[in-house]
1. Could you work out the local net charge near V119, counting Lys and Arg as +1, Asp and Glu as -1, over the other residues with Cβ closer than 10 Å to its Cβ?
2. If each residue of separation counts as 0.36 nm, what is the full-extension length gain between M45 and E94 once their alpha-carbon separation is subtracted?
3. With a 1.4 Å probe and every protein chain left in place, work out the accessible area per residue of segment 134-193 in Å², rounded to a whole number.
4. Compute the signed sum of charges (Lys and Arg +1, Asp and Glu -1) over the other residues within less than 12 Å, Cβ to Cβ, of P60.
5. Can you work out ³J(HN,Hα) from phi for every residue in segment 61-75, in order, using Karplus 6.51 cos²θ - 1.76 cosθ + 1.60 and θ = phi - 60°, giving whole Hz and x for Gly and Pro?
Amino acid sequence: MRLRLGTGLVTVALTLPAAAAAQVTVLSARLTADLTVADGSASVMVEYRLSGAVPGTALPATVLDFGLATVEDLRVGEASEPVPLGDAQGVAHEAELPVEATDRADVSRVVVRYRVPSVVTTEDGRLRGRIPVLTVDRPPAEPGPGLFVARVRLPQAWRVTETFPTGLAEVDGAGTYEVRLSVVPAVVGFRARGDGGRTPGMPVVLDVLAAGIMGLFVLLGWRHLRRVAA
């Protein structure tokens, strides 16, 4: 580009770096968590598939503390040494995650493994689980169902009664639960019983209350019709 200033001629060259030309986006995120040790801890693996990320570079990621549910022993890929988690603000922690190549030239990935020693706590005789999700600080390529998939393995004696986000459902009858979402959440949570019994969660309770109210209206209407007919 040329700019004429008075009688002088100035030539300006504009060059955009390659990294700015291609925005890094998240194609998919897959989480697996194993709680079958039944000691309240979880082993977690998260894999991000990325577009526009160059293998060998690093991407920022964030994970939050949820009460006693904190991340420890964060490792990337098959690395033998843990990756340090820095303190950002309050309960937030940051890490730089190296990007790996895949068998596709246009797709790269980040794979992390970590342990959450205190996923499960006991509240009012029930189990409450919170699994922090380490999130890559990049937008999704195309938000939609299935962008994020979490699969959680629980002891077979546990029975899930409530979940957050809503939708964590058993898929095999052997303690494996799965949820599919359009966004990557900061946490996957659930409430459960550890004695094999089933206690209705809040959605079921609301359905029962709604059915009871409808039944009451039907009964009142029927009595009103009887009085009119008499």
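1. Numbers: positive: R115, R128, R130; negative: D39.
Spelling it out: positives minus negatives among the neighbours equals +2.
2. Values: separation 49, 0.36 × 49 = 17.64 nm, distance 1.70 nm.
Taking M45 through E94 to full extension adds about 15.9 nm, to one decimal.
3. Values: 2760 Å² over 60 residues.
Per-residue value: 46 Å².
4. Values: positive: R138; negative: E94, E96, D137.
Taking every Cβ under 12 Å from that of P60, the sum is -2.
5. 9, 9, 9, 10, 7, 10, x, 7, 7, 10, 8, 10, 6, 6, 10
The values are calculated or read from the model by the stated rules, or taken from the named source; none is laboratory data. Here the structure is a predicted model, which means the values were calculated and not measured. Virtual Cβ from ideal backbone geometry, glycine too; neighbours counted across all protein chains shown. Protein only, heavy atoms only, side chains kept; ligands, DNA and RNA dropped before computing areas. Shrake-Rupley method; radii C 1.70, N 1.55, O 1.52, S 1.80 Å.
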